[in-house]
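Quick notes on the structure that follows.
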Amino acid sequence: MTTCADVLVLGAGPAALCIAAELVEQGLVVKALASHAPEQPWPNTYGIWAEELESLGLASLLAQRWTNTVSYFGDGVGDDGMAPINHNFDYGLFDLAALQKTLLARCGDLIWNVETAEKINVLGAQTEVLCRSGNAYQARVVIDASGHRSRFIRRPDHGPVAEQAAYGVVGRFSSPPVASGQFVLMDFRPNHLSREERKQPPTFLYAMDLGDGIFFVEETSLACAPPLTSTKLRERLLARLSSRGVEITEVIHEERCLFPMNLPLPDRQQPLLAFGGAASMVHPASGYMVGALLRRAPALARELARSLAVEPALDSQALAKRGWRVLWTPGQVQRHRIFQFGLSRLMGFDEAELRLFFATFFSLPQQDWTGFLANTLSLPKLVRAMIRLSLISSWDIRRGMALGSTHF
Ligand SMILES: Cc1cc2nc3c(=O)[nH]c(=O)nc-3n(C[C@H](O)[C@H](O)[C@H](O)COP(=O)(O)OP(=O)(O)OC[C@H]3O[C@@H](n4cnc5c(N)ncnc54)[C@H](O)[C@@H]3O)c2cc1C
């Protein structure tokens with residue numbers, strides 16, 4: 001039997017490290033356990049709008065930063081169809097080693113037990129995590145940061161969950177797949193697709209120049225249920241590149257991405273807390289989450305520290321309730337519903353409708369579209385941005401957003 005901590009954090013991904021760092025800084029007694037050591041490199045590439053990190057004073061955590069940031073929403077035919085939209089907003093890729101190191105340094109001498117949790121028992125005043133090894137760990141409350149597919153967190157079943165899927169290659173190419181020094185958020189040009197293929201779920205290219213003749217190109221399906229397979233996405237990527245006379249000459253790294261976009265919000269009455277993917281914190285309309293982790297961890301940690309200091313007798317259920325109230329405030333829940341609604345509408349659009357929608361969306365004032373994508377707008381500002389979007393949309397897009405697409 002080990003001693004009882006204030007909080008036990010489950011996981012060693014970005015969510016676990018973010019929340020553990022904040023809890024330690026609040027002076028709480030923290031335990032952590034994960035299936036792998038917290039220093040093990042994270043497998044994904046994480047991107048973020050640079051301003052999100054600047055506003056947190058963390059811009060130095062970017063490994064690379066692009067000022068030339070564009071998207072393509074034309075049909076790929078003629079000058080008009082080929083023209084990019086300039087975002088005039090910097091985008092970056094995290095230096096993952098630096099992010100991990102910074103968060104671990106903030107965790108001080110917190111020890112991560114390399115264990116796989118199998119069962120969580122809420123015993124009233126405390127909660128026990130039973131591990132595959134047979135070891136048990138106790139804490140006043142547990143924060144599950146074990147990712148999108150956590151089996152410990154209860155959430156309602158709203159039917160099939162749409163997943164973002166992508167297949168990407170970091171490599172060298174016969175000729176540059178994107179312009180030198182450029183970042184492409186979304187290239188939706190469909191001119192390499194047959195009529196039949198255009199009726200299938202749309203995908204776009206996410207791509208960037210990494211320097212030294214190396215590029216990252218990734219064919220992405222924003223959200224689909226069931227998700228597109230990586231074989232299909234690879235096929236689409238190669239067809240897109242080939243239509244531009246580009247071939248992959250060296251594969252340095254392959255990325256296969258699959259994560260849920262519209263996971264229902266967790267049951268906020270359960271005696272267990274969650275953070276990150278397990279807490280449905282992925283932005284349902286964009287797929288981004290790391291900025292939200294950094295922004296939302298401090299309030300949760302502060303609330304737990306305050307609750308434990310002011311009411312030391314609180315049990316796991318009561319502590320979890322306090323935590324959920326702070327993590328998913330009524331405003332956050334409303335905003336999440338708006339994003340989920342938006343995603344559900346987008347998933348009904350065909351590729352021509354999607355291109356038209358995004359061209360309109362990115363013509364919103366910069367603070368509106370960036371705030372929407374990062375989830376940094378207050379609820380009233382988000383609603384105003386959505387009204388503005390409706391006002392500048394074509395009649396067909398407006399009707400599609402209000403009533404669902406009829407594939408006009
Ligand atoms: C390929 C890919 C690319 C992405 N790109 C971006 C991006 O560019 N920008 C962005 O903001 N978001 C991105 N996301 C979305 C999201 O930010 C990531 O999915 C992120 O990794 C989720 O963080 P997490 O810490 O919640 O979960 P994870 O990163 O999945 O970490 C879960 C942790 O829990 C541990 N664990 C799981 N089960 C147990 C158990 N039973 N016992 C003990 N430990 C356990 C795991 O070992 C791991 O340490 C991407 C996702 C993917 C898959």
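The alpha carbon centroids of segment 350-364 and segment 1-57 are separated by 36 Å. For segment 195-209, backbone phi angles converted through the Karplus equation (6.51, -1.76, 1.60; θ = phi - 60°) give residue-by-residue couplings of 3, 5, 5, 5, 8, 7, x, x, 9, 9, 9, 10, 8, 7, 8 Hz, Gly and Pro being listed as x. Derived from the Cα gyration tensor, the three semi-axes of the equivalent ellipsoid of segment 133-186 are 42, 19, 12 Å, largest first. With q set to 0.06, 0.07, 0.14 Å⁻¹, the log10 of I(q)/I(0) for the chain, from the Debye formula over equal scatterers at the Cα positions, is -0.26, -0.35, -1.28. A full extension of the chain between Asp350 and Ala105 corresponds to an added length of 83.5 nm, given 0.36 nm per residue minus the alpha carbon distance.
Remark on Thr116: its backbone amide H falls under 5 Å from those of Arg132, Ser133, a criterion applied only to residues 5 or more positions apart or on other chains, H modelled at 1.01 Å from N. Under 5 Å between amide hydrogens, built in the peptide plane, is the criterion, and for Lys31 it picks out Val7, Leu8, Val9 among residues at least 5 positions away or on other chains.
Couplings 3J(HN,Hα) of segment 113-122, computed from phi: 7, 7, 8, 10, 6, 10, 8, 10, 10, 8 Hz, in residue order, whole Hz [Karplus 6.51 cos²θ - 1.76 cosθ + 1.60, θ = phi - 60°; x for Gly and Pro].
Build a GNM of the chain with springs between Cα atoms under 10 Å apart, and of Ala301, Ala320, Ala98 the one that fluctuates most is Ala98. The lysines whose alpha-carbon is closer than 26 Å to the alpha-carbon of Lys31, local same-chain residues fewer than 8 away aside, are Lys101, Lys119, Lys321.
Taking Ser316, Ser280, Ser175 as the candidate residues, the one with maximal mean-square fluctuation in a Gaussian network model of the chain, Cα springs under 10 Å, is Ser175. Remark: Val251, Val326 ranked as Val251, Val326, counting other beta-carbon atoms within 10 Å and listing the fewest first. Using C-alpha pairs below 8 Å separated by at least 6 residues, the relative contact order for segment 163-260 is 49 percent. Across segment 358-367, coupling constants 3J(HN,Hα) worked out from phi with the 6.51/-1.76/1.60 Karplus curve, θ = phi - 60°, read 5, 4, 6, 4, 7, 9, 5, x, 3, 5 Hz, and Gly and Pro carry x. As a proxy for reagent exposure, Lys321, Lys101 were ordered by neighbouring Cβ count within 10 angstrom, fewest first; the result is Lys101, Lys321. Looking at segment 348-403, what % of the alpha carbon pairs are farther apart than 15 Å? Across segment 348-403, Cα pairs with separations above 15 Å total 46 percent.
Between Ile252 and Arg151, the FRET efficiency from the beta-carbon distance, with R0 = 51 Å, is close to 0.90. Each of His283, His36 was scored by other Cβ atoms within 10 Å of its Cβ. Listed from fewest to most, they are His36, His283.
Just so you know, all these numbers are worked out from the coordinates, no wet-lab data involved. This structure is a prediction, so every number in the text was calculated from the model and none was measured. Note that we place each Cβ from the backbone using ideal geometry, even for glycine, and neighbour counts take in every protein chain shown.
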